[in-house]
Amino acid sequence: MHRILAALLLAVAATHADEARDQAVEEELLHYQLYLDVGYLHSNNQPANRTWRTKTTSWTLDRFEVNLAMAQAWKETTPESRWGFEFGLQYGRDVDLADPGDDTAVGSAEYLENLYRANLAYLFPVGEGLTLRGGIIQGYPAYESYLAIDNPTYTRGYLTDYVPYFLIGLQADYAFTDEFDLSFFVVSGYDYLCLLYTSDAAD
């Protein structure tokens, strides 16, 4: 009888240890981020429309602005925890210029502009692992970032202003090695936010 009780106690302890380990793994895969970008960009030329070129971020001049406030949470996918997600909300002048007109890929852009990310991912047990992600996803890789703080000079070149930082669709990723992987996208259009820079938008 004592041996049976001891075996049951060991089984319960092992189960509890496994649950605690799984919970610890889940917590290690969860990430959170808060981001606040405020600034005052001064121009000696004093342009009448208060805009700085056709910048995607930090684009207004001669006024104090909350360029971007963002909160994000995401969970990585691993063979031990195959489901993942990304969800983020954003607010500020950098997202104020979404135009739901004929030039946009999605007509409801005015309702989506405050979503920084919103997608689900699953790691399929195919070879080294095939990750499928769907929803509002990050655009194609670029040398500079939508977040101004990630860029060395707080600004970016003209070319990377036209990178599709926000896409709606599906993304499949497969890593052949640690140094080589492929990504395949099926998206609704080039960019679901159509950013327009006009004097009316800047005032």
Count - residues of the range 76-99 that are crowded, with 17+ Cβ neighbours inside 10 Å and either at pLDDT 95 or above or not hydroxyl-bearing (Ser, Thr, Tyr) (or both): 12
Determine the pairs where a residue that is free of Cβ contacts under 8 Å to residues at least 60 places away in the same chain, located within the range 160-183, has a partner that is of a type in the set (Phe, Trp, Tyr) and open to solvent by 60 Å² or more (accessible area, probe 1.4 Å) with Cβ atoms under 7 Å apart, the partner being 6 or more residues away or on another chain. 160/143; 163/140; 164/140; 164/190; 172/184
The condition of being surrounded by 12 or more Cβ atoms within 10 Å (Cβ to Cβ), of a type in the set (Val, Ile, Thr) and either assigned to a loop (DSSP other than H, G, I, E, B) or modelled with pLDDT under 85 (or both) holds, among 57, 15, only for 57
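The values are calculated or read from the model by the stated rules, or taken from the named source; none is laboratory data. What you see is a predicted model; the values in this text were computed from it and never measured. Cβ coordinates were reconstructed from backbone atoms using ideal geometry, including for glycine residues, and neighbour counts include every protein chain displayed. Note: areas computed on protein heavy atoms with side chains; ligands, DNA, RNA excluded. Shrake-Rupley method; radii C 1.70, N 1.55, O 1.52, S 1.80 Å.
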